[in-house]
Number of protein chains: 2
Amino acid sequence: MSDFNGLPPHVWPRNATRQEDGVVTLAGVPLPDIAEEYGTPVFIVDEDDFRTRCRDMAAAFGGPANVHYASKAFLTRTIARWVDEEELNLDVASENELSVALRAGFPAERITAHGNNKTPSFLRACVREGVGHVVLDNHGELELLDLIARGAGKAQPVLIRVTPGVEAHTNEMIATAHEDQKFGLSLADGAAWAAAEAAVRAENLELIGLHCHIGSQVFDAVGFSLAAERVLGLYKRIHDELGVRLPKLDLGGGYGIAYTADQRPLDVLSVAGELLSAVSRTAEEMGIEAPTVLVEPGRAIVGPSTVTVYEVGFTKTISVSDDAFRRYVAVDGGMSDNIRPALYQAEYDGRVVNRFVDGVETATRIVGSHCESGDILINDELYPDDITTGDLFATANTGAYGYAMASNYNLFSRPAVVSVRAGEVTPMLRRETVEDLLHLEA
Amino acid sequence: MSDFNGLPPHVWPRNATRQEDGVVTLAGVPLPDIAEEYGTPVFIVDEDDFRTRCRDMAAAFGGPANVHYASKAFLTRTIARWVDEEELNLDVASENELSVALRAGFPAERITAHGNNKTPSFLRACVREGVGHVVLDNHGELELLDLIARGAGKAQPVLIRVTPGVEAHTNEMIATAHEDQKFGLSLADGAAWAAAEAAVRAENLELIGLHCHIGSQVFDAVGFSLAAERVLGLYKRIHDELGVRLPKLDLGGGYGIAYTADQRPLDVLSVAGELLSAVSRTAEEMGIEAPTVLVEPGRAIVGPSTVTVYEVGFTKTISVSDDAFRRYVAVDGGMSDNIRPALYQAEYDGRVVNRFVDGVETATRIVGSHCESGDILINDELYPDDITTGDLFATANTGAYGYAMASNYNLFSRPAVVSVRAGEVTPMLRRETVEDLLHLEA
């Protein structure tokens, strides 16, 4: 890794800076001060980074209402309020996500409900609260929602999730007719058409569009455009055979971010431009009115806003072959606060944030404190060999699927989460105590 | 899968039975009754299964004090009390695990403290509370613990974790000189010897043995015996050069269980016999007194005791190629209550527990309800095609690393945990509410 003391701006939060004394600040707040006050590990969210990414998405996709923040990436009441203030819409994927959003005062009509297996209770809550869109995943759900809406005397706006046979996967795009996955109804085998027909005929459902999602960490417009073109074929058929114009097209999430310095984040503005052009062009060719495109970024908004600061504990150098060594640097968190390296072999950019380091570059592995050998945060990097006990080591891009997937493995307390803005620190979630760990016990 | 209505006794809890009406009971309690009262998903622990496995381990390894239950697999105060009542010792791997054990009244002197990166606070607590053994992982920790013990005017009994170059991995045993992992000090490169020498010389540490752990899901004695033989070489050298006899040898955990019907669990009694013989024989050949062997089963005690009962939600049949279909059966939990399939590609045995099923065997995938396509519980099995909405579907062997690694992903509530014994149900952990999910918010 060249220049370990740098903070690559495409990887670190927008308001991260390294001061002349080597200390890294976020929105003007020195990270060591936060570690001192809130302990480590600690998640630190750059609020303006979050908000400006909301605005960038809104600008790229024709307005904030076309952008749905995907709660699954990270949701607290504070996050829901930020999304509301930025006038984005909100995706939820469980009844609890819906409850938390509503308790934050998020307007139900700007919420979209997702999930391959929504419970009857979740569907009833959607209808009762007046959720804007329900994205239907399967026939059973379609029938049940129609029944619930009938009981409530309402017409529930719905989209249908379709699988277009386009999948973005490990930086490659796979295009097939078939998709062997739990979500959605297939374009290829006629299931999507059958559902659309049923939804149009259902008395208490109002079909307003189709939804598809091609995957995660997508870096260009090709896959989105191809999926859109395929899905628009069904808009055409619905228009021609059922006489219904669907006003919305939800193309899901998957907007890629740069976890490491050698990656480039997806260029939102240019990808949005290409994608919207492809939709307009295809609709025009088909002789139908182009639907409004909706997108559902989660990671691309909250991921880069957040860093996790750990304290370095013990280090050791291990002989890994007759002529090679590896330095192990242990930090005071691990797979309980970030399961992604173990779960997805995810990579992170890590830096010492309390000072400059200038040791000899050495093969290094950053490991957590869990009682499991797979508890590795950064598997193999060349780091200066003077990273040592007491240093603060931070990983960038931990805002999405970090705290959201956190566990109490080894009964570790889940860390505190704070936000920073204009030199001020605001607590968002406090660190768990042993009492918290016991409070569910009978 | 042949006989889907069976309950393979080497996979299911010892007190699981299917009644003549098709309903499965655990310790005499019908699982549908528990699902009705506590909701789904729900973890159900067969207390006598847990206790009899404690006793089997104790019998195999020469008494309960030689068996340390590994808390990381699953720890609540109830579990700690059961372990105490069965007179086993207890392993902890974090300060919070230690706190919970002590709050359950578990005697500190029967606790062993583990971890590659114990915090200073954890080490101070170990000394202050009088923890029986601290397993030292590295030189820095050795020095710090000596200092802390000096401050407290105590001599802290310690073991040193060594890496013997024997690793059990995906059913194969790997034997090398080097181990590229975060735990322990190497036999091969002299680090283990240096630490042993330092520990013997440290004024406030009492070296009582060495520790090694060869991996997880081991099914025979070969790897344990080979590791023991290698580690005993260091006992010999410590005896000869330092004049110290180490009374204990801790061979860690890794005792394999059968997650699926085609696996065979490790035969504890025969493996223990082989292992203890190998240790005696090797010690005798070396002319040293054989140390007492300690073992640290976690999964092998709590894993098979527990089942998770889910309710089936929506199902769908998807065309996965031009001439093949797959049935998707969604349940109301998933990777939040069991991350192991996604994290380790772990397999589970699943059964319908509310009735007999007798449909046509069909390629089936059991999926969870999370907003993630990788949220799969059982990837590919031939199941009867009449498993349907409202059925109760249970996975066996979820006691270890199930609840212990549970998250609130998608803000799912963590399930209730109950134990059953002799027809009685006892709540252990209540299901989380939305209020619980919000209680850390600032």
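What distance in nm separates the simple spin-label points at A:HIS439 and B:ASP33, each placed 7 Å from Cα in the Cβ direction?
3.3 nm
Put a point 7 Å out from Cα along the line to Cβ at A:ALA422; what are the distances to that point in the other copies, in nm, shortest first?
When each copy's label point is compared with this one, the spacings are 6.7 nm.
What does the charge count around A:ARG414 come to, taking other residues whose C-beta lies under 9 Å from its C-beta (Lys +1, Arg +1, Asp -1, Glu -1)? Kindly include the intermediate steps, with their values, before the conclusion.
Working: positive: A:ARG431; negative: A:ASP337, A:GLU432, A:ASP436.
Its environment carries a net charge of -2.
In peptide B:108-117, what is the residue-averaged number of other protein chain Cβ atoms found within 10 Å of each Cβ?
Mean partner shielding for this stretch: 4.
Count of lysine pairs in the protein assembly as shown with Cα atoms under 16 Å apart, counting only pairs 8 or more residues apart in sequence or on different chains?
The result is 10.
Averaged across A:309-319, how many Cβ atoms of other chains sit within 10 Å of each residue's Cβ atom?
6
Before anything else, pin down the relative contact order of chain B: Cα pairs under 8 Å, at least 6 apart, normalised by residue count, whole percent.
Numbers: 1012 pairs, mean separation 89.2, N = 442.
Averaging sequence separation for qualifying contacts and normalising by length gives 20 percent for chain B.
Residue-wise, which Karplus ³J(HN,Hα) couplings in Hz belong to the stretch B:193-207, taking 6.51 cos²θ - 1.76 cosθ + 1.60, θ = phi - 60°, and x for glycine or proline?
Using θ = phi - 60°, the values come out as 4, 4, 5, 4, 4, 5, 5, 5, 7, 5, 5, 10, 10, 10, 6 Hz.
How do B:LEU210, A:LEU102, A:LEU142 rank when sorted from fewest to most other Cβ atoms within 10 Å of their own Cβ?
A:LEU102, A:LEU142, B:LEU210
If we count other beta carbons within 10 Å of each Cβ, what is the order of B:MET173, B:MET405, A:MET428, fewest first?
Ranking B:MET173, B:MET405, A:MET428 by Cβ neighbours within 10 Å, fewest first, gives B:MET173, A:MET428, B:MET405.
Using θ = phi - 60° and the Karplus relation 6.51 cos²θ - 1.76 cosθ + 1.60, list the HN-Hα couplings for the stretch A:409-422 in order, rounded to whole Hz, with x at every Gly or Pro.
So the Karplus estimates, Gly and Pro as x, are 3, 6, 6, 5, 5, 5, x, 6, 10, 10, 10, 10, 7, 6 Hz.
Per residue of the protein assembly as shown, what 222 nm ellipticity follows from adding -39500 (n - 2.57) for every DSSP H run with n ≥ 4, rounded to the nearest 500?
-8500 deg cm²/dmol, from helical runs alone.
Between A:ARG245 and A:ASP3, 0.36 nm times their residue separation minus their Cα-Cα distance comes to what?
That works out to 81.6 nm of additional length.
Just need the relative contact order of the stretch A:114-259 here, percent rounded to a whole number, with Cα pairs under 8 Å and 6+ apart.
23 percent
Can you figure out the FRET efficiency of A:GLU274 with A:ASP21, using R₀ = 35 Å and their beta-carbon distance, to the nearest 0.05?
On the way: r = 44 Å, r/R0 = 1.26.
With a Förster radius of 35 Å, E is 0.20.
Select from the stretch B:1-87 those GluC sites (Glu not before Pro) which occupy a DSSP coil region and have at most 10 other Cβ atoms within 10 Å, ordered by residue number.
Answer in residue order: B:GLU20.
Residues with amide H under 5 Å of B:ILE174's amide H, sequence separation 5 or more or different chain, H placed in the peptide plane at 1.01 Å from N; which?
B:GLU167, B:ALA168, B:HIS169
How far apart, in nm, are two points set 7 Å out from the Cα along the Cα-to-Cβ line at A:ALA155 and at B:GLU143?
Placing both labels 7 Å beyond Cα along the Cβ direction yields 7.6 nm.
Treating the point 7 Å from Cα along Cα-beta-carbon as the label, what are the nm separations from B:ASP262 to the other copies, to one decimal?
3.8
How high is the relative contact order of the stretch A:47-302, in percent, counting Cα pairs under 8 Å that sit 6 or more residues apart?
The normalised contact order for the stretch A:47-302 reaches 19 percent.
How far is A:ARG237 from the same spot in each other copy, in nm, shortest first, if each label point sits 7 Å from Cα toward Cβ?
The answer, with the shortest distance listed first, is 7.2 nm.
Across the residues of B:415-423, average count of Cβ atoms on other protein chains within 10 Å?
That works out to 1 on average.
Which peptide among B:319-328, B:155-164, A:195-204 comes first, and what is the full order, when sorted by highest mean count of other Cβ atoms within 10 Å? Kindly include the intermediate steps, with their values, before the conclusion.
Values: B:319-328: 14.5, B:155-164: 24.4, A:195-204: 18.2.
Descending packing order for the listed peptides: B:155-164, A:195-204, B:319-328.
Lys and Arg at +1, Asp and Glu at -1: add these up for the other residues within a Cβ distance under 11 Å of B:LEU437 and post the number.
Result for the neighbourhood of B:LEU437: -2.
Report, in whole Å, the centroid distance computed from the Cα atoms of the stretch A:379-442 and the stretch B:80-154.
23 Å
Could you give each residue of the stretch B:85-98 its phi-based ³J(HN,Hα) in whole Hz, using Karplus coefficients 6.51, -1.76, 1.60 with θ = phi - 60°, and x for Gly or Pro?
Coupling constants for the stretch B:85-98: 4, 7, 6, 6, 8, 10, 9, 10, 10, 6, 5, 5, 4, 4 Hz.
Which FRET efficiency value, to the nearest 0.05, is calculated for B:LEU382 and A:ALA59 with the Förster distance at 60 angstrom and r the Cβ-Cβ distance?
With a Förster radius of 60 Å, E is 0.70.
When Lys and Arg each count +1 and Asp and Glu each count -1, what net charge do the other residues less than 15 Å away from A:LEU145, Cβ to Cβ, add up to?
Around A:LEU145, the surrounding residues sum to -1.
Between B:GLU109 and A:GLU285, what is the label-to-label distance in nm when each label sits 7 Å out along the Cα-to-Cβ direction?
According to this spin-label approximation, the distance is 8.2 nm.
In whole angstrom, note down how far apart the Cα centers of the stretch B:7-24 and the stretch B:223-260 are.
38 Å
Hey, how many Å between the Cα centroid of the stretch B:274-316 and the Cα centroid of the stretch A:310-331?
29 Å
Mind running the shape call on the stretch A:47-302? Use the C-alpha gyration tensor, a ≥ b ≥ c as the square roots of the eigenvalues: rounded below 1.5 for a/c, prolate if a/b tops b/c, oblate otherwise.
Oblate is the answer for the stretch A:47-302, as a/c is 1.5 or above yet b/c matches or exceeds a/b.
Given H placed on each backbone N at 1.01 Å, which residues far from A:SER186 in sequence or on other chains put an amide H within less than 5 Å of it?
So A:SER186 has HN proximity to A:THR163, A:ALA191, A:ALA192.
Values quoted throughout were computed directly from the atomic coordinates according to the rules given, and no laboratory measurement underlies them. The structure presented is a predicted model; accordingly, all values stated were derived computationally and were not measured. With ideal geometry, Cβ positions are generated from the backbone for all residues, glycine too; neighbour counts draw on all protein chains shown.
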